[in-house]
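The values are calculated or read from the model by the stated rules, or taken from the named source; none is laboratory data. None of these values were measured; they are calculated from a predicted model. Because the Cβ atoms are built from the backbone with ideal geometry, glycine has one as well, and the counts that use them run over all protein chains shown. The area values use the complete protein model at the heavy-atom level, side chains included, leaving out ligands, DNA and RNA. Shrake-Rupley method; radii C 1.70, N 1.55, O 1.52, S 1.80 Å.
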Amino acid sequence: MRERMLFLSAQNQSAEDLEGEMRTGSILEILLGKFDIDLLTYASSHKDMSTNDGTALTVHYINGSNTSWRSMLRPLHKIRNFTNRTHADKDMKSTITELCRSNNYRHVFISHSLLGNSIDMVRNLLPEASVITDTYRFESGFAAGKEIGKPSNGNPYHKLNEALVRRNKRRLMNKTGVLLATSEWDALSFKSLSFADARKVHVVPHFIKMNEYDAFTEPVAKENSIVMHWNMNTRQGIKAAQSFFKKSYPLIKEQVPDIKCYITSHEVHTEVLTLVKEDVSVIITGPLKPSADYIRRAKAVLVPILEGCEVSRNILESWALKTPVVTSSTICERLNCEHNRNILLANSSVDVVASVITLLKNPEMATIIADRAHRTLLKDYEVNYVKSKILSLV
């Protein structure tokens, strides 16, 4: 008989956290291979997560407390999440208590979106359980909105805030049994704060399932097109798109007049639409046709050079489809990549133009970069690699 696990999630289908929600859903599917899972989540937020084995998953829906503007006025140092569920501990406590009376949970998984207000509750209710926490976007409150080249600690309040975040990290490490970080860089930022708890920290990177892209991997003739592949309905995504179409795209079109630019974002903000509505070379694909169709045929995929757009998964998708990526060094610092080897790094508008034109006019180089990126994906970021690691930790 398989062991039961309690899995706490708080999806909210927000534009800012789509990548995090997909990560949580993928981890849930992996854990279903070993555990029968009681998933506790909000009734309005968890309607579309698919699993391979429905009999192993029991979903317990709860109704959340309404979040008023007063409840959102919290101290700066509180751990950010994207649920706006400031009363999650109260919402979930009765249901967790009831479940614990009938199930002796030895393992509890807490998704990144509930770390700020659930781990203390779980520790009080299940003191003997092994708690697994995912720290994806732990410091997202600081990263959102920052731009390359701007200092992060000039404001004394930011310095104080960073000190309080370090304190929260130490407390989280002390309370958790297994802490999942998304990169070696993130793992080191935790380990450096507590030698005693450093052994708890393990890297589980972003990952994708290659079998989802099998239908798109047949060889095709590349066309003179680029794909803009990120969320353009967030403030960071809007700024990145505006910067590209104002500064970079006109220069690219001068050298490659027959270029096409596909925007594959499911939602394109009106500010971006206004910029491109008169340009026939810019095509908005919409949500009906998979973005993989366009990525596979394109000669380059462009992701923004601004932080806060959360495009790690988009880069991996492009690697899976053997299309080279142009992005910034800051966006890629948590991925195993190297400029001119498996990616092109561009930290300014001038660099973006040069990198895109290089890929459009030098298909041999583009093919080499794409093949290397594909091998990197299979080695470090494919689901089977990550699956074996996760299951070995629990």
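The calculated FRET efficiency for the pair R123 and A215, based on their C-beta separation and a Förster distance of 45 Å, comes to about 0.50. Pairs of Cα atoms nearer than 8 Å and 6+ residues apart set the relative contact order; for the range 226-342 it is 30 percent. A DSSP coil position with no more than 16 other Cβ atoms inside 10 Å describes the following trypsin sites (Lys or Arg not before Pro) in the range 160-252: K209.
With a simple spin-label model that places each label point 7 Å from the Cα along the Cα-to-Cβ direction, the separation between H339 and K159 comes to 3.1 nm. Put simply, the amide H of H60, placed in the peptide plane, has neighbours under 5 Å in L39, L40, T41, leaving out anything fewer than 5 places away on its chain.
For the range 342-394, the list of trypsin sites (Lys or Arg not before Pro) that fall in a loop by DSSP and count at most 11 other C-beta atoms within 10 angstrom is empty.
Backbone phi angles across the range 290-300, fed through the Karplus curve with coefficients 6.51, -1.76 and 1.60 (θ = phi - 60°), yield HN-Hα couplings of x, 5, 4, 4, 7, 4, 5, 8, 6, 8, 7 Hz in residue order; Gly and Pro are listed as x. Heavy-atom accessible surface of the range 240-394, averaged per residue, reaches 44 Å², computed with a 1.4 Å probe.
Dipole magnitude for the range 290-376: about 300 debye, using +1 per Lys or Arg Cβ and -1 per Asp or Glu Cβ, origin at the Cα centre. Given +1 at the Cβ of Lys and Arg, -1 at the Cβ of Asp and Glu and no other charges, the dipole of the range 252-304 around its Cα centre is 280 debye to the nearest 20.
Roughly how many debye, to the nearest 20, is the charge dipole of the range 245-340 about its Cα centre, given +1 on each Lys and Arg Cβ, -1 on each Asp and Glu Cβ, and no other charges? Don't jump to the answer; show the numbers that get you there.
Working: 12 positive and 12 negative charges, 61 e Å.
Dipole about the Cα centre, nearest 20: 300 debye.
For the range 167-275, the list of chymotrypsin sites (Phe, Trp or Tyr not before Pro) that fall in a loop by DSSP and count at most 10 other C-beta atoms within 10 angstrom reads F195. For the range 263-392, what % of the accessible area comes from carbon and sulfur atoms, probe 1.4 Å? About 51 percent, which is the carbon plus sulfur part of the accessible surface.
Its relative contact order, with pairs defined as Cα atoms under 8 Å and 6+ residues apart, puts the range 187-288 at 25 percent.
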